[in-house]
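Notes for the one structure printed next.
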Amino acid sequence: MLSPLTRKRLQNFTRIRRARWALILLCALFGISLVSELLCNSRPLWMRVNGKTYFPFIQRLTLRDLEGDAADASRMNYHAFTASEAFTADPRNKALWAPVRYSPGDVIDSASLREHRTVSVSVVPEVSLGRLNLLPDGTIILPLSCEPFFPGAETVEGLRLDAHWKLTDAVQAEIRNRLAGRGGHAFRAVAEHTTDPGLRARITMPEVRPSATPPASVRISFSQTDAPERPFQLRFRQSAEVNAAPLETRRWGAVPDGVREEIARLAQEGFKGQAPSAVIGWKGRTAKVSCALNEISWPFHPVKGHWMGIDGAGRDVLSRVLYGMRIALIFGLLLAFWAMAFGAVMGAVQGFFGGAVDIAGQRLTEIWSALPFLYVMIFIGSALGRGFLILLVCYSLFNWIGISSYMRAEFLRLRTRTFVDAARSQGLSDARIIFSHILPNALTPLITLFPFSLMGAIGSLAALDFLGFGLPPLTPSWGELLQQAQMFRSAWWLILFPSAALFTVMLLTVLVGEGLRDAFDPRQQSKME
């Protein structure tokens, strides 16, 4: 039986569309998390073995239960069992798996992801840069890395520079001045090859001071005129036993047609565990190609079957996010209910009796709230260990303080009302007056603050897990995944999906809280007459 005022508040809440849909979505997410075993489980939901039906996700089965007394009573590995000949030999044997075949604590076998291995191919275009010394008769001596500038020549030593390069008058005059000992400033010029008009080079001579003794030779540096091309990166995946397919089709389209077959061949060799390399022609110059096999390592990016990726310990992130949502919501609900109940009792006692009881309660509350919460958690965790129940109890010791202040104020306001005096005149006990008459009229702070208390509990659990003072390491937790994301900065999926889940739940909770606050707003229930 709801009072007209309560029905009016419920109608106001349902009129707020964002709050109504937020509540529906939040309840749906909580319901999904409660049946996480049906969505993410390393044990089949249903099995038919040797004519018998089993439900492994709710049964603790051993190999002896399935194969008879001759087998041992070891713990079942359902992935290995369903792939064994003992299971596949009989076509009547069947197994129904959950959409994700991994529980949050299962370490994934890297061999199951063998088809997702990639080979990284690095194409580094050659940067042409050479150096030589020129004698007065134009003969080259002491050449270093000058072969690209003298195509077709077996050796550069002993060649004449003017026979291969067209030297302008300014270049020849600068060489004569330096050979005469007159020195010169830093000099740069562009020259063309005599037989290959498309080949151009930048000639550089360093600054030289005048000298009384002419030098025996002049040092000249050669460099390419075009800006050096950046290294080119490609990734290949082995799509079949004999084929290696590029992953980035747009980048693969930028590879010249003449070298695609050679690069694909090198990538295919890379899948055999080798590290092949070669020098190929690349856009008018040469380039060094090197391949490296990227073996499966943790964490691993999202792939088919692991839609949210794999964490640093080799566990499926989707299952840990889903199970972590259930733990976070159950923890938040239990903590919020406890905080509301205990805080309401403490605030009711202080506000109803007042006087010395109120003063003593206030002083004790102030002293208790001054205790450093994080230090208390560290001390209790080191003394008693870490667990769900211990964390819930420890956090409950501090989470009731805020709501008790609101309830104290409500009881101080309501205890002077006429209906309280009427209840006293009838001889009702203080407990009945508190819980049967005043408390139903003081529920507004409890109801409107409950979603925000739930949000704070969920965020606090994630923060404690992130700092390492929350749940045990094997427990699925959003904060633990975010802690891994801090260690593996390149694993974007470790921060994206847990953060999105945490943000979604907290956003929906805030929208529900705002809707309740607006629905219980007394200004909507009153009117001017």
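The values are calculated or read from the model by the stated rules, or taken from the named source; none is laboratory data. Small disclaimer: the values here were computed from a predicted structure and weren't measured. Positions of Cβ are backbone-derived with ideal geometry, glycine not excepted, and every protein chain shown enters the neighbour counts. Heavy atoms of the whole protein, side chains included, go into the accessibility calculation; ligands, DNA and RNA do not. Shrake-Rupley method; radii C 1.70, N 1.55, O 1.52, S 1.80 Å.
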When residue 243 is evaluated against the numbered criteria (1) touching a strand residue (DSSP E or B) at 6+ places or on another chain (Cβ under 6 Å); (2) without any contact (Cβ under 8 Å) to a residue 60 or more places away in the chain; (3) not charged (D, E, K, R), which criterion, by number, is the only one it fails? (1)
Tell me which residues, restricted to the range 1-52, are under 25 Å from residue 102 (Cα atoms), among the charged types (D, E, K, R) and touching a helix residue (DSSP H, G or I) at 6+ places or on another chain (Cβ under 7 Å). 43
Hey, any hits in the range 280-290 for a residue that's open to solvent by 40 Å² or more (accessible area, probe 1.4 Å), farther than 18 Å from residue 121 by Cα and not charged (D, E, K, R)? yes
Some residue of the range 123-134 being assigned to a strand (DSSP E or B), within 30 Å of residue 173 (Cα to Cα), open to solvent by less than 20 Å² (accessible area, probe 1.4 Å) and of a type in the set (Gly, Ala, Ser): yes
Scan the range 29-47 for residues that are open to solvent by 50 Å² or more (accessible area, probe 1.4 Å) and free of Cβ contacts under 8 Å to residues at least 40 places away in the same chain and jot them down. 35
Of the residues in the range 53-87, those that are assigned to a loop (DSSP other than H, G, I, E, B), under 25 Å from residue 100 (Cβ atoms) and either open to solvent by 30 Å² or more (accessible area, probe 1.4 Å) or among the hydroxyl-bearing types (Ser, Thr, Tyr) (or both) come to 55, 57, 58, 59, 60, 74, 77, 84
The range 322-338: number of residues that are under 15 Å from residue 481 (Cβ atoms) and out of contact with any strand residue (DSSP E or B) (no Cβ under 9 Å at 6 or more places or on another chain): 5
Which one of the conditions (1) of a type outside the set (Gly, Ala, Ser); (2) open to solvent by 30 Å² or more (accessible area, probe 1.4 Å); (3) closer than 24 Å to residue 309 by Cβ does residue 50 fail to meet, given that it meets all the rest? (3)
So residue 158 ticks every box in (1) on the phi > 0 side of the Ramachandran plot; (2) surrounded by 14 or more Cβ atoms within 10 Å (Cβ to Cβ) but one. Which box is left unticked? (2)
Taking the conditions exactly as written (within 24 Å of residue 127 (Cα to Cα) and surrounded by fewer than 19 Cβ atoms within 10 Å (Cβ to Cβ)), does residue 176 satisfy them or not? no
Are any residues in the range 142-160 assigned to a loop (DSSP other than H, G, I, E, B) and under 16 Å from residue 197 (Cβ atoms), and if so, which ones? 150, 151, 152
For residue 520, work out the one condition from (1) farther than 21 Å from residue 378 by Cβ; (2) open to solvent by 20 Å² or more (accessible area, probe 1.4 Å); (3) under 34 Å from the mean Cα position of the chain (by Cα) it doesn't fulfil. (3)
If I ask for residues that are open to solvent by less than 30 Å² (accessible area, probe 1.4 Å), at pLDDT 85 or above, over 14 Å from residue 255 (Cβ atoms) and out of contact with any Phe, Trp or Tyr (no Cβ under 7 Å at 6 or more places or on another chain), which ones from the range 222-237 would you list? 223
Of everything in the range 98-118 that's in a loop (DSSP other than H, G, I, E, B) and hydroxyl-bearing (Ser, Thr, Tyr), which residue is most open to solvent (accessible area, probe 1.4 Å)? 102
Considering only the range 205-214, state which residues are within 25 Å of residue 149 (Cα to Cα) and open to solvent by 70 Å² or more (accessible area, probe 1.4 Å). 207
Report whether or not residue 95 is at pLDDT 90 or above and aliphatic (A, V, I, L, M). yes
Could you run through the range 443-474 and say how many residues are in contact with an Asp or Glu (Cβ under 8 Å, 6 or more places away or on another chain) and open to solvent by 20 Å² or more (accessible area, probe 1.4 Å)? 3
Show the residue pairs that are 6+ apart or on different chains and have beta-carbon atoms under 9 Å apart, the first residue being within the range 363-386 and part of a loop (DSSP other than H, G, I, E, B) and small (Gly, Ala, Ser), the second being open to solvent by less than 100 Å² (accessible area, probe 1.4 Å) and at pLDDT 80 or above. 385/472
Only one of (1) assigned to a strand (DSSP E or B); (2) open to solvent by 50 Å² or more (accessible area, probe 1.4 Å); (3) not β-branched (Val, Ile, Thr) fails for residue 189. Which number is that? (2)
Can residue 202 be described as closer than 30 Å to residue 116 by Cα, out of contact with any helix residue (DSSP H, G or I) (no Cβ under 8 Å at 6 or more places or on another chain) and open to solvent by 50 Å² or more (accessible area, probe 1.4 Å)? no
Scanning the range 1-22 residue by residue, those outside any helix (DSSP H, G or I) and either charged (D, E, K, R) or modelled with pLDDT of 90 or more (or both) turn out to be 16
Scanning the range 398-442 for residues that are outside any helix (DSSP H, G or I) and of a type in the set (Lys, Arg), the one surrounded by the most Cβ atoms within 10 Å (Cβ to Cβ) turns out to be 415
Taking the conditions exactly as written (over 30 Å from residue 254 (Cβ atoms) and over 32 Å from the mean Cα position of the chain (by Cα)), does residue 367 satisfy them or not? yes
Flagged in the range 248-272 as open to solvent by 60 Å² or more (accessible area, probe 1.4 Å), more than 11 Å from residue 123 (Cβ to Cβ) and either outside any loop (DSSP other than H, G, I, E, B) or in contact (Cβ under 8 Å) with a residue 12 or more places away in the chain (or both), in numbering order, are 249, 250, 257, 258, 260, 261, 265
